[in-house]
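Only the coordinates and a few stated rules stand behind these numbers; no lab work does. Keep in mind it's a predicted model, so treat the numbers as computed, not measured. Positions of Cβ are backbone-derived with ideal geometry, glycine not excepted, and every protein chain shown enters the neighbour counts.
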Amino acid sequence: MSAIYSVWDTAVLGGGAAGLVAAISAASEGQKVILFEKGDKLGKKILISGNGRCNLTNRTADDVGHYHGAPPSFIKRVLNHLSLDQTLSFFSDLGIEVHEEKRGRLFPKSNQAQSVVDVLADKMEQLGVKVCLHTEICALDPGKYFKLETTEGQVYQAVRVIIASGGVSAGKMGADGKGMQMAANLGHEITDLKPGLVALESKEKYLRTMQGVKVVAEVQPEIPGKNRVMDCDDLLIASYGVSGFTILSLSARVVPHLKDGPVNLRVNLFPGQNMQSVSDLLGRRWAKNPHRSLEMSFSGLLNRKLVRSLLKHGSFNGEQVVEKISDKTRDDIANLLTGWSIPVYRPRDFEYAEVTIGGIKTGAINPDTLESYIIPGLYFAGEMLEVYGDLGGFNFQWAWASGMLAGKGLGS
Ligand SMILES: Cc1cc2nc3c(=O)[nH]c(=O)nc-3n(C[C@H](O)[C@H](O)[C@H](O)COP(=O)(O)OP(=O)(O)OC[C@H]3O[C@@H](n4cnc5c(N)ncnc54)[C@H](O)[C@@H]3O)c2cc1C
């Protein structure tokens, strides 16, 4: 049982990834810590992450190039406080061993996100952190001590406060931006907020005829000056547009440009090949089975539903016998398959986004402590800051690292 103090050393606002580690970090320094979580359980987003398996970090988590939104020098200084090795050893001490999947993604060996929440909650209990569930903080007053007021009218006092209340993505899991607003009321600026790591909507009606198709494809958004941006992984066609690992991964680069109009995604259904090599491949296949229809000629090569709709979209006759198709038409078909163009015009809503692009501006925050330059004693951690990471475990790494640093209380 944790004691009730009249003034806590540290109050943590939010029981997500960043808040849990911040509380552990502060309590490990010998501080008396209280954590407020408005929801009915801790770590709700951890529980749904990685399809319930929690992609908790990445083999390349120390590479600052995977994080965006704030100056790299700021991000680097925070990440330096919890390197990948230190993260793995922190979790290993708690009992979580990891295994690696493609793209360096690291998951708990149990393949259960619940085990990550369980060990973090267990460590907090061991360190005597007082956890208040169903407790929403609605007002924060700095003074000799911070006063934190709950929606039920209770007031708690703390020497310092860590706001780790998340962004505005997947709001059903708890984060609703009110924590950011509290910081804004105390003088901190918030950038524009946009959904990140999110599916993209398209107005192309024919995509609906391919709904549910999943293929591995190379996708290159046509963004002026960014011709090298490309990803190759799962592409999922949905009723509203496109999704899948490739799209979520590219979305952070695409979304900021959608304010200027639709962005064309160039899709190559034959990764690593060009129009000519695909045309040659089709020529060889058609020579072997010249009696087949164009649509049938793709059997065993590409998803049938996809081929049927795409040929129709490109005004090619899927019934035509392949021996009757000219070399020029074959090249045109290969061109479509390697350079299929899908215009997207907006991201799906925040509700479907894994992260928030934007948040509290870091210019008024000390990168070596995460303490506010405006309100001494006020600290920040996690997604509520303007920093976001690539798909693949980088957002948790940011949450763990910033939580660990804010918890240490290295500031005033
Ligand atoms: C579907 C999905 C899958 C994801 N998968 C991955 C993944 O596999 N790997 C990865 O790296 N990232 C993943 N992410 C992103 C990752 O979950 C977030 O970046 C991370 O959880 C952010 O942690 P946080 O602690 O900053 O915020 P949150 O996890 O949002 O936690 C904030 C907490 O604060 C509480 N709170 C808010 N306001 C108040 C208040 N006023 N008073 C009290 N409590 C309050 C909220 O209820 C919430 O519990 C995923 C996200 C989603 C939506």
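The spacing between segment 348-383 and segment 155-181, judged by their C-alpha centroids, is 10 Å.
Per-residue Cβ neighbour counts within 10 Å put Glu37, Glu204 in the sequence Glu204, Glu37, beginning with the fewest. The distance separating the Cα centre of segment 42-58 from that of segment 15-35 comes to 19 Å. For His134, His291, the sequence from fewest to most other C-beta atoms within 10 Å is His291, His134. Between Val131 and Leu35, the built amide H atoms are under 5 Å apart, and every one of these is 5 or more places off in sequence or on another chain.
Per-residue Karplus couplings for segment 330-346, computed as 6.51 cos²θ - 1.76 cosθ + 1.60 with θ equal to phi - 60°, are listed in order as 4, 4, 5, 5, 4, 5, 5, 6, 9, x, 4, 10, 10, x, 10, 10, 7 Hz, Gly and Pro entered as x.
Backbone phi angles across segment 287-301, fed through the Karplus curve with coefficients 6.51, -1.76 and 1.60 (θ = phi - 60°), yield HN-Hα couplings of 5, 6, 10, x, 7, 6, 6, 4, 4, 5, 5, 8, 4, x, 10 Hz in residue order; Gly and Pro are listed as x.
The angle separating the long axis of helix 304-313 from the principal Cα axis of greatest extent in the chain is about 70 degrees. Which shape class applies to segment 66-141: rounded if a/c is under 1.5, otherwise prolate when a/b exceeds b/c and oblate if not, where a ≥ b ≥ c are the square roots of the Cα gyration tensor eigenvalues? It comes out oblate by the Cα gyration axes.
The HN-Hα couplings worked out from phi for segment 48-63 by the Karplus form 6.51 cos²θ - 1.76 cosθ + 1.60 (θ = phi - 60°) are 8, 6, x, 6, x, 10, 6, 7, 7, 6, 9, 4, 9, 4, 7, 7 Hz, whole numbers, x standing for Gly and Pro. Computed about its Cα centre, the charge dipole of the chain is approximately 1200 debye, with only Lys, Arg, Asp and Glu carrying charge at their Cβ. Answer rounded, prolate or oblate for segment 196-271, using the Cα gyration tensor with square roots of eigenvalues a ≥ b ≥ c: rounded when a/c is under 1.5, else prolate when a/b is larger than b/c, else oblate. Oblate, because a/c is 1.5 or more while a/b does not exceed b/c. Relative to the longest principal axis of the Cα atoms of the chain, the long axis of helix 245-254 makes an angle of roughly 70 degrees.
Highest mobility in the GNM of the chain, judged by mean-square fluctuation with C-alpha springs under 10 Å and restricted to Val242, Val215, Val263, is found for Val215.
Taking a straight Cα-Cα cut-off under 27 Å and skipping sequence neighbours fewer than 8 places away in the same chain, the lysines within cross-link reach of Lys32 are Lys41, Lys44, Lys45, Lys123, Lys130, Lys144, Lys147, Lys178, Lys408. Over segment 330-403, Cα pairs under 8 Å with separation of 6+ residues give a relative contact order of 25 percent.
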